[in-house]
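Bear in mind that the values in this text are calculations on the coordinates, not laboratory data. If you're wondering where the values come from, they're calculated on a predicted model, not measured in any experiment. Here the Cβ is made from the backbone with ideal geometry for all residues, glycine too, and neighbour counts use every protein chain on show.
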Amino acid sequence: MNNLQGIIRKSINNTTTQFDKMGYIANNFANYSTTGYKSVRFEQMLSEDGYLTGAVRTDYKQGSVQLTGNPYDIAIKGDGFIPVVSQTGEVQYTRDGSFKVSKDGYLTTNDDWLVGGGIKIPSNVYKLTIKSDGTVTSMDSSQSPETKIGTIPLVQFKNSEGLVQGDNNKLKATDESGEASLIKNHDYIAQNSLEMSNTNIYDSVSDMLRLNASMIASLRMAKIVDDMYNKSVNLRQS
Amino acid sequence: MKINAGIRYIDNGLVASLKAMQVQSTLINLSNDNVTGFDKVGYQRKEAVVSSFTEYLGVNGISTTVDDKVGRLAATGNPLDLAIATQGYFQTRSADGIKLTRDGRFKLDKSGNLLTLEDSKVLADNGTPIKLSIIPENLGGVVVNSKGALSVFNKSTNKLEHVANIGVVDSNGIVAMNPEVKQGYNEYSNVSLEREFLGMMPVIRNFDANRQMFLIESSNLSKAISQLGSSS
């Protein structure tokens, strides 16, 4: 498209795509303090003929791990996801380890999804320990021996980028991500701490400045071309 | 053009002005492409070549070349983001055929194929699609050295295994001898916005001037018609 209308359309297309990108950056900012959140990037691709498309990429970089002192908080230091099961039996995956004990005694996520296959915490628990390989043990009193009450499973996918957003800070497996496979003999789990989001404020701001410049430039182009268009249409004696 | 049986009017001027205006709007179109490409990864600035006799040829006298200066490199930290710090292109293959691109944002699928964001396969220097023999646990296990040799970490042997050399070719498809591939970087365009907008100003003025010329000639013509044609 070489005519003036084509130019205006390309400018508008670029402007709206930049707005889309702004939305994704805002999303990352909004989730800056969401535990275990993985930031997303809106990647734009410009084809040879000037047609603009976008793709969303999730960045699975490790977020920083923060100590909380709450024994039900765990962070994953490394790869993997914790499978959680909803009340209707649906399985999704999360890196948000801010767990709690539900009213019937099971270890659950904040929105009441069972962790793994269901780990029942004894009601008279004195000390709960989660080992780095995910084993959960409890002590009834300071003298009693540790008894194993379950394991927090950790799974990985062949292609984590194929996962899609599920409910509330969870991810769903798709055909593209492949099947979940259990990670064995790992030492990725850290008790008493939480993984913060991996949103990089500086990168996001720099992205935003860049998209803003592009947006303003394209709008300015639209204005310039609109003037030319107007002058071409009125090619009669004034 | 013959008016009123005998009076001749040279209308070449009108056509020349119109052609010139078309040429200017085509140049604006190129600048617009550059402005759009400003923040796009791997975009290379297009430059117009206006040949001689464009005043007669019109838009056919314009051809474009690509400015192959290396653009702005930005660190992303993603091991599958590659940038070429020298001249050259990555080769990708899709159903539409082989394409050259400087956009090095790649990804892996679950069977280990190295793909572009639009799911085209990335080709090695021998022309075959790159497929990782081992799927690394995380992307940190993929290492690309500055010559484009891609290796993957094998956890069972604790060694890096060479997979393929990423093909970097010149614009004619010939493998570049000494490419400089940077892992964890994206290359943004080599467009500078201020240059584009400054470069557009003469084009717009030229457009306006030609429009004025057209209007003057048009009014001369109408004067000729109305005055010479009157019976007084």
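Explain nothing, just the number: dipole magnitude of the stretch B:136-232 about its Cα centre with +1 on each Lys and Arg Cβ and -1 on each Asp and Glu Cβ, in debye rounded to the nearest 20. Mind showing how you got there, number by number?
Values: 8 positive and 9 negative charges, 13 e Å.
Dipole about the Cα centre, nearest 20: 60 debye.
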Centroid-to-centroid separation of the stretch A:7-35 and the stretch B:138-165 [C-alpha atoms, Å]: 34 Å
HN-Hα couplings for the stretch B:213-221 via Karplus (6.51, -1.76, 1.60; θ = phi - 60°), in whole Hz with x for Gly/Pro, come out as 4, 4, 5, 4, 5, 5, 6, 4, 4
Non-local residues with an amide H under 5 Å from the amide H of A:ILE121, with H modelled 1.01 Å from N and Pro and chain starts lacking one, are A:TYR106, A:LEU107
Return one number: the angle in degrees, 0 to 90 and rounded to the nearest 10, between the long axis of the Cα atoms of helix A:4-30 and the longest principal axis of the Cα atoms of chain A. 20 degrees
With springs only between Cα atoms under 10 Å apart, run a GNM on chain B and tell me which of B:VAL191, B:VAL163, B:VAL66 wobbles the most. B:VAL66
May I ask for the equivalent-ellipsoid semi-axes of the stretch B:73-187, computed as the square root of five times each C-alpha gyration tensor eigenvalue and listed largest first in whole Å? 21, 15, 13
If you average the sequence gap of Cα pairs under 8 Å that are 6 or more apart and divide by the length of the stretch A:99-143, what percent do you get for the contact order? 25 percent
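Of A:LYS103/A:LYS148; B:LYS131/B:LYS182; A:LYS38/A:LYS148; A:LYS131/B:LYS110; A:LYS100/A:LYS170, which pairs sit farther than 23 Å apart, going by alpha carbon to alpha carbon?
Numbers: A:LYS103/A:LYS148 21 Å; B:LYS131/B:LYS182 20 Å; A:LYS38/A:LYS148 32 Å; A:LYS131/B:LYS110 30 Å; A:LYS100/A:LYS170 16 Å.
From the list (A:LYS103/A:LYS148; B:LYS131/B:LYS182; A:LYS38/A:LYS148; A:LYS131/B:LYS110; A:LYS100/A:LYS170), the Cα-Cα distance tops 23 Å for A:LYS38/A:LYS148; A:LYS131/B:LYS110.
Sort A:115-126, A:73-84 for me by packing, meaning the mean count of neighbouring Cβ atoms within 10 Å per residue, highest on top. It would help to have the intermediate numbers written out before the result.
Values: A:115-126: 15.1, A:73-84: 23.2.
Listed from highest to lowest mean packing, they are A:73-84, A:115-126.
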For A:LYS77, list long-range residues whose amide hydrogen, built 1.01 Å from N in the peptide plane, is under 5 Å from its own amide hydrogen. A:ILE189, A:ALA190
Going residue by residue through the stretch A:87-100, the Karplus relation 6.51 cos²θ - 1.76 cosθ + 1.60 with θ = phi - 60° gives ³J(HN,Hα) values, rounded to whole Hz and with x marking Gly or Pro, of 5, 8, x, 7, 9, 10, 10, 9, 10, 7, x, 8, 8, 8
Read phi for every residue in the stretch A:47-55 and hand back ³J(HN,Hα) as whole Hz from Karplus 6.51 cos²θ - 1.76 cosθ + 1.60, θ = phi - 60°, with x for Gly and Pro. 7, 4, 8, x, 7, 10, 10, x, 9
B:ALA20: net charge of surrounding residues, Cβ under 10 Å, Lys/Arg +1, Asp/Glu -1, itself excluded? +1
Work from the charge dipole of the stretch A:65-195 (Cβ charges, +1 for Lys and Arg, -1 for Asp and Glu, about the Cα centre) and give the residue of A:SER193, A:ILE149, A:SER98 farthest towards its positive end. A:ILE149
Any idea how far the Cα center of the stretch B:51-75 sits from the one of the stretch A:150-209, in Å? 46 Å
Compute the distance in nm between two label points, each set 7 Å from the Cα along the Cα-to-Cβ direction, one at B:SER146 and one at A:GLU179. 4.5 nm
What residues have an amide H closer than 5 Å to that of A:ASP140, excluding those fewer than 5 places away on the same chain, when H is modeled at 1.01 Å from N in the peptide plane? A:TYR126
Taking the 0 to 90 degree range and rounding to the nearest ten, how far is the long axis of helix A:201-233 tilted relative to the main principal axis of chain A, both from C-alpha atoms? 20 degrees
